[in-house]
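Right, one structure below, let's go through it.
Bear in mind these aren't lab numbers, they're just calculated from the coordinates by the rules spelled out. In this text the structure is predicted, and so the values were computed from the model without any measurement. Virtual Cβ from ideal backbone geometry, glycine too; neighbours counted across all protein chains shown.
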């Protein structure tokens, strides 16, 4: 039995090492080629180690083509505000359909969760027409509203599962002491859901940050477009890249915020997915 456990542990460690290598390997060579000069990249091999750091020309190329700072600022605004709004609304919905005496609770849950059943591409035309009609197209408010709405179904699903696993003893004791439903939610259930909320925030922020399709569809101005849409404009005519090291460097720089947020929420990430996914 002990040998079997050791074998399983060894196999798991080897598998994790292989997966980590597969994950880190492409990103490493993005960094390696991102610091090359255009001439060194074109004349050399993709796998060659750079002879020195040459990012001045790449940064100049990026600044001439796009406003990277504007894209980063927009994506931070969309990612943080939309993720927070979606989690708050989803937590209220999950609490209502699990702990309050609401008629048709399962129906309301299915209605909310049905937003994940259909491919997201189905929303493009109707949402575009609605945004154009109400003046929300190419606006930051419109982008925040859309990203919030599209994130609510999954957040509600995770938080509903979490709240279902919590007993009613604490809430009943709080009601005896005169606490209202909202006070019970805010002071008891919300603090207990810190782990899944952290995991949801990272997941939804990453989804919004890496989105290209909706950013291209619902925005056109440089001061509105998110970072991935901005990065797509670094390509030359007909998709031909004019400065590959500059594009790789821009992609590496654009990945920094998600790495920082993961580092900040790392303690709660694994616990959040395990508890919230039961």
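So how do 247, 88, 127 line up by other beta-carbon neighbours within 10 Å, fewest first? Working shown, then result.
Details: 247 23, 88 15, 127 20.
Taking fewest neighbouring Cβ atoms as first place, the list is 88, 127, 247.
To the nearest ten degrees, helix 256-276 and the longest principal axis of the Cα atoms of the chain are 30 degrees apart. Per the Debye formula on identical point scatterers at the alpha carbon atoms of the chain, with no solvent, log10 I(q)/I(0) at q = 0.07 Å⁻¹ is -0.37. Residues 163, 205, arranged from fewest to most other Cβ atoms within 10 angstrom of their Cβ, appear as 163, 205.
Here the Gaussian network model covers the chain, with springs between Cα atoms less than 10 Å apart; of 168, 223, 243, 168 fluctuates the most. For the chain, the 222 nm mean residue ellipticity estimated from helices alone, with every DSSP H stretch of n ≥ 4 adding -39500 (n - 2.57) and the total spread over all residues, rounds to -23000 deg cm²/dmol. Taking the fewest neighbouring Cβ atoms within 10 Å as the starting point, the ordered list for 23, 108 is 23, 108.
How large is the direction-averaged shadow of the alpha-carbon convex hull of the range 8-95, in nm²?
Values: hull surface 42.8 nm².
Directional mean of the projected Cα hull area for the range 8-95 stands at 10.7 nm².
Using a cutoff of 8 angstrom between alpha carbon atoms and counting only pairs six or more residues apart, the relative contact order for the range 66-276 works out to 36 percent.
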